[in-house]
Each structure stands twice: as structure tokens, then as C-alpha cells.
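Written out below as C-alpha cells is the structure these notes cover.
The values are calculated or read from the model by the stated rules, or taken from the named source; none is laboratory data. All values reported here derive from a predicted model rather than from experimental measurement. Cβ atoms come from the backbone with ideal geometry, glycine included; neighbour counts cover every protein chain shown.
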């Protein structure tokens, strides 16, 4: 079943002979089979989440003696655990419906199902399919899946790098607070090399000028030498370091420096791979024509938006990333209107930063759009959210149409237009 073509259409079970609900775990699967009219056929049965279990499930489905395309199978998008099974079932010709966990959760709540077990989850998935309310989840193709793997790992390692840097700064404040007088950035390559070998004022004092100088010349021979080594050792000898838990803190600092160095090396490798992916992607090249979109913004947009042609209306894309408005009111009570924030937080984060960057560009049509909204009486934060939505519309239009970017269609700005098209407002 083509997820991209059926994203907004419920699945009709009437055209199928059997419906199968599968609850996927890390080590096992639980499946149940029923008729489209909800009559149970096979109670919840457990098999392994491996090749043997897949074969047992396939044998049970073959025993139904109908064409694979007439068997509707539903499973939740649970992290990575469902991927192997999904590929196996689609290769066998079955009609597979990947369900968002939010769908099954809301369906169970609406039906008043209070208990939650693996066996009940399989039955709930089957009931959702037979109800005709199930909507097919999006399954990314090879390109988008590659973007997601690389971008999400890059995001994770970036957060780890920031945490390591914060911990290194905190430790330095007690083991060698004067170190930053010589190395303004203690997390730079040379500074990390020094701290890895001599983690703290006590270690640098014990090593002496000659050893520190040899290390500096090894790490950065054209930049540092004896004067820097003398300065570092002199500061270490007169450091105000507390001297508490010196050995333990030295080990902790050494480990953190080593971890940070490895993380930074892995980040550099990921960035090279992402650059190669961006260079070979036609969709990314259209987004690169927008000056306000940096490499990280484009990577996240390609990874998280996926195939934008599956959005029949642009408001579906807005809701997908959680930039749609949520209104709650009842009678005389007027609730607060705010963003739903139900979609991808990664997209909202990069669009927020891109919107802020646009305000610093004098020739940016997004900045002109922002100031025009503020002049009409909109609050600054509300105008910024509108700029984020405008950027999303531009990105979706460029990815869908492959037309050149035209800043004049975002908001007319004085002077010559810097590039070339975007969507009409």
C-alpha cells in the first residue's frame, strides 16, 4: 500500500478477506487474525521477531488460502523493531498498514479499553483496521531514511558534545581554573590534547615545562612552543585549585576530554557524509537557493518532511510539524490559542533559528514579512511563528515544484531581488 498516496484516506477493510493485527516487540511478535466483520479467527499467537518467527507467521497466513494482497496487516511504528517485519511482509505481497502509535492509543481510549497488554494490543490493532478509521503511516524511501539516520545521529552527538564541554568547563573550574588564561577555549583541539595528557594543575606542575612544550609542539608545532609551556606551568604552580579529590577529578577530566575528542571526530565524519548526500540530492539543491536556510536547516527539512507530495493540502504539512494553532474554549471561557506542537520538534527548532537569522539580514523577504506583521499589530512572538510557517510553505513549495526560489513572492522588498521563486502567500 502506498503510504504517500493514502496518507489522508482511511483504509477500507471491506475489500480484504482477512485482517491481521501484530504487536511488535524487540524479541517477539504477537499476531491475531480476524474477519473484516470483526469475527475472530485466530487468537493472539506469539512468535519470535526473527527469521524463524517471520516464517511461522507467513505459514499461518498462507494457510488462509487467499491471495496475499487480500490480507490486510497492521502494525505499529515502534522505533526500529517493526522494520524487518514490514520489509518481509511487503516482499511477500501482503497489504501492510503501518500505524502511528497515537492512532491506536486514541482508538483504545475511545473504546474504553483500560487494560494494556501485548495480546490486547494485537487485538486493538486488528479492531482499528476493521473499524475503517485506520490511516496509513508514512514509510520513508531510501533517500529520506538515509537523511534521518545521519541527521538524528548528528543531532544526538551534537547534544553529547555540548554536555561534555559543559562538564569539562565545570571540572576545570576546580582542578585548574587559570587554564583559560592561556587557552581561551579549553575544548579546542590543542587544549584537549594537553588536558588529556595532563588533566589538572597538579599533573601539569609534575610534568614540567619540557614535557608540556614537547606536547604542544607535537599538537600544534607552528602555533605553540616554550613561551606557552612556561606560561601554563607557571599558572599551574600558583593555581588556586582546591586539591579535593584530585586523582578522581583528573581521571574524570581525562575521560571527558577523550570522549569529546572522539565525538567531535565522529561529528566531522557525519558532516562529510551529509555534505555528500546534500550535493547529490536535487531536492536539497532547491532549498539551498534560500539564503536563510543553512546546511543544518536543509538537512532537518529533508529528513523530517520526507516526501511532501503526500500532503494534499499545505495545512497538512503545517500540522505535521506542529505549527498549526490549537484553540480551546467553552462558553464564556476563552482559552489560550497556541501551537499544537504535535509534530516534529526538530523542524520547529530549525525553523525558529532560521526565522531569527532572517531578522538580521537587511535584504531578507522573511524579515520584511515579519516587520509588516508587527506593524499591523501582531506581537513579536506571533509574527515569528508566522515567519516559521511561511518558511515551511516555501520549503514545501520548492520540494514539490522544483521551481527556482523567488524572494519577491515571499514579501516584496526594496531593491533588486537576490535570487530567483517561492510560493505565493
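Summary table
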quantity: Residue check for residue 75: at pLDDT below 95 and surrounded by 15 or more Cβ atoms within 10 Å (Cβ to Cβ); calculated: yes
quantity: Members of region 41-51 that are more than 16 Å from residue 23 (Cα to Cα) and in contact with a helix residue (DSSP H, G or I) (Cβ under 9 Å, 6 or more places away or on another chain); calculated: 51
quantity: Scan of region 373-410 for residues that are buried (at least 17 other Cβ atoms within 10 Å of the Cβ), over 30 Å from the mean Cα position of the chain (by Cα) and under 14 Å from residue 290 (Cβ atoms), ordered by number; calculated: none
quantity: Residues within region 230-251 that are assigned to a helix (DSSP H, G or I), surrounded by fewer than 17 Cβ atoms within 10 Å (Cβ to Cβ) and within 41 Å of the chain's Cα centre (by Cα), tallied; calculated: 3
quantity: Residue match in region 201-213 (condition: under 26 Å from residue 164 (Cβ atoms), exposed (fewer than 15 other Cβ atoms within 10 Å of the Cβ) and within 44 Å of the chain's Cα centre (by Cα)); calculated: no
quantity: Unique residue being outside the structural domain of residue 32 (by TED's automatic domain parsing) and either within 21 Å of the chain's Cα centre (by Cα) or closer than 26 Å to residue 34 by Cα (or both) when the list is 75, 153; calculated: 153
quantity: Residues that are without any contact (Cβ under 8 Å) to a residue 40 or more places away in the chain and in contact with a helix residue (DSSP H, G or I) (Cβ under 7 Å, 6 or more places away or on another chain), drawn from region 389-409; calculated: 390
quantity: Test: residue in region 366-376 that is part of a loop (DSSP other than H, G, I, E, B) and touching a residue at least 24 places away in the same chain (Cβ under 8 Å); calculated: no
quantity: Selected residue [outside any helix (DSSP H, G or I), loosely packed, with under 13 Cβ neighbours inside 10 Å and out of contact with any helix residue (DSSP H, G or I) (no Cβ under 6 Å at 6 or more places or on another chain)] from 227, 221; calculated: 221
quantity: Filtered residues of region 306-348 (kept if part of a helix (DSSP H, G or I) and without any contact (Cβ under 8 Å) to a residue 12 or more places away in the chain); calculated: 315
quantity: Residue match in region 136-147 (condition: in contact (Cβ under 8 Å) with a residue 12 or more places away in the chain, surrounded by 15 or more Cβ atoms within 10 Å (Cβ to Cβ), over 26 Å from the mean Cα position of the chain (by Cα) and not assigned by TED's automatic domain parsing to the domain that holds residue 311); calculated: no
quantity: Those residues of region 148-186 which are exposed (fewer than 14 other Cβ atoms within 10 Å of the Cβ) and in a loop (DSSP other than H, G, I, E, B), in sequence order; calculated: 184, 185
quantity: Filter result for residue 199 (outside the structural domain of residue 310 (by TED's automatic domain parsing), modelled with pLDDT under 95 and touching a helix residue (DSSP H, G or I) at 6+ places or on another chain (Cβ under 7 Å)); calculated: no
quantity: Flag if residue 83 is under 24 Å from residue 135 (Cβ atoms), assigned by TED's automatic domain parsing to the domain that holds residue 123 and in contact with a helix residue (DSSP H, G or I) (Cβ under 8 Å, 6 or more places away or on another chain); calculated: no
quantity: Residue list for region 6-36, filter: over 22 Å from residue 81 (Cβ atoms) and assigned to a strand (DSSP E or B); calculated: 10, 18, 34
quantity: Criterion (under 21 Å from the mean Cα position of the chain (by Cα), surrounded by 16 or more Cβ atoms within 10 Å (Cβ to Cβ) and at negative phi) met by exactly one of 307, 279; calculated: 307
quantity: Residue 271 vs. criteria under 30 Å from residue 169 (Cα atoms) and surrounded by fewer than 19 Cβ atoms within 10 Å (Cβ to Cβ); calculated: yes
